[in-house]
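Here the structure comes first, spelled out in structure tokens, and everything after it is commentary.
The values are calculated or read from the model by the stated rules, or taken from the named source; none is laboratory data. Being a predicted model, the structure only gives us computed values, none of them experimental. Glycine also receives a Cβ, built like all others from the backbone with ideal geometry; neighbour counts cover every protein chain displayed.
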Amino acid sequence: MIGSGEPAAFLDRDGVLNEVRIVDGVPHPPSTASELELLPLVVEACQTLHAAGIQLVVVTNQPDIARGTTTRAAVDEINDELRRLLPLTDVVVCPHDDVDGCACRKPLPGMIVDAAAAHGIALGRSVMVGDRWRDIDAGRAAGVATVFVDRNYDGRLPTGHDLTVRSLHEATTFILNWARKDDSPHGTDNRY
């Protein structure tokens, strides 16, 4: 699957597509669809990538479901609103917490690998965009390029990513160029 198919931008949800609420330096997602606020230029970035033939797949950890502080229905409502606003191929949710030991919770690559298989995505020409170390580690484990959206949160910073930006819009050119590259293995000098 790495060398075949279409490229994708795997996008973390909260902090990449939509605004988060910062409490003690830690980002928190919106609680309801009515609280959903897209970040500046997200619509334009997604439209540009979609028009270039890049699939947009949201891969989001939502451990508050497992923790009982939100419901799957509330998360699905937010995701449905995102689907209405943006040209998304899919929204993949991990409802687990670390103690659940699932294969889908980032930093594990399960959501990315499963979505690639489901949608015919070429991992070698795809990019993971996230605002936390878990996103970057998941992308690296899946064999995709990685872009860190630095939102100045407290806590652990990622390492080994291909690019640091302040927004998804800032990453658009990198994603377009990465998607156009040949299918050489990740790590060659075809980098942007």
Problem set entry | Which listed residue is within 15 Å of Thr60 (Cα to Cα) and touching a residue at least 40 places away in the same chain (Cβ under 8 Å), from Arg132, Arg83, Arg72 | Arg132
For this session: Filter segment 8-64 down to residues that are of a type outside the set (A, V, I, L, M, F, W, C), buried (at least 22 other Cβ atoms within 10 Å of the Cβ) and more than 20 Å from Pro95 (Cα to Cα), then give me how many there are.
Result: 1
Seminar exercise, completed: Screening Val91, Val75 for residues that are in a strand (DSSP E or B), more than 15 Å from Pro7 (Cβ to Cβ) and β-branched (Val, Ile, Thr) leaves only Val91
Exercise. Considering only segment 99-128, how many residues are under 15 Å from Ala179 (Cβ atoms), of a type outside the set (Gly, Ala, Ser) and touching a helix residue (DSSP H, G or I) at 6+ places or on another chain (Cβ under 6 Å)?
Worked result: 4
For this session: Could you tell me whether any residue of segment 167-178 is closer than 22 Å to Ile54 by Cβ, touching a strand residue (DSSP E or B) at 6+ places or on another chain (Cβ under 7 Å), crowded, with 17+ Cβ neighbours inside 10 Å and among the small types (Gly, Ala, Ser)?
Result: yes
Exercise. Quick check: anything in segment 116-124 surrounded by fewer than 20 Cβ atoms within 10 Å (Cβ to Cβ), of a type outside the set (Val, Ile, Thr) and modelled with pLDDT under 95?
Worked result: no
Exercise. Which ones in segment 141-161 are surrounded by fewer than 22 Cβ atoms within 10 Å (Cβ to Cβ) and either closer than 18 Å to Ala122 by Cα or among the basic types (Lys, Arg) (or both)?
Worked result: Ala141, Gly143, Arg151, Arg156
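Conditions tested, residue by residue: (1) in contact with a helix residue (DSSP H, G or I) (Cβ under 9 Å, 6 or more places away or on another chain); (2) modelled with pLDDT under 95; (3) basic (Lys, Arg); (4) farther than 16 Å from Lys106 by Cα.
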site	(1), (2), (3), (4)
Ala138	yes, no, no, no
Arg166	no, no, yes, yes
Asn177	no, no, no, yes
Ser184	yes, yes, no, yes
Problem set entry | Residues of segment 159-181 that turn out to be in contact with a Leu (Cβ under 8 Å, 6 or more places away or on another chain), aliphatic (A, V, I, L, M) and under 17 Å from Pro40 (Cβ atoms), as a count | 2
Exercise. Do you know which residues across segment 11-64 are under 21 Å from Val165 (Cβ atoms), in a helix (DSSP H, G or I) and either touching a strand residue (DSSP E or B) at 6+ places or on another chain (Cβ under 7 Å) or of a type in the set (Gly, Ala, Ser) (or both)?
Worked result: Ala45, Cys46, Leu49, His50, Ala51
Problem set entry | Unique residue being under 23 Å from Asn177 (Cα atoms), in contact with an Asp or Glu (Cβ under 9 Å, 6 or more places away or on another chain) and at pLDDT 95 or above when the list is Leu41, Leu17 | Leu41
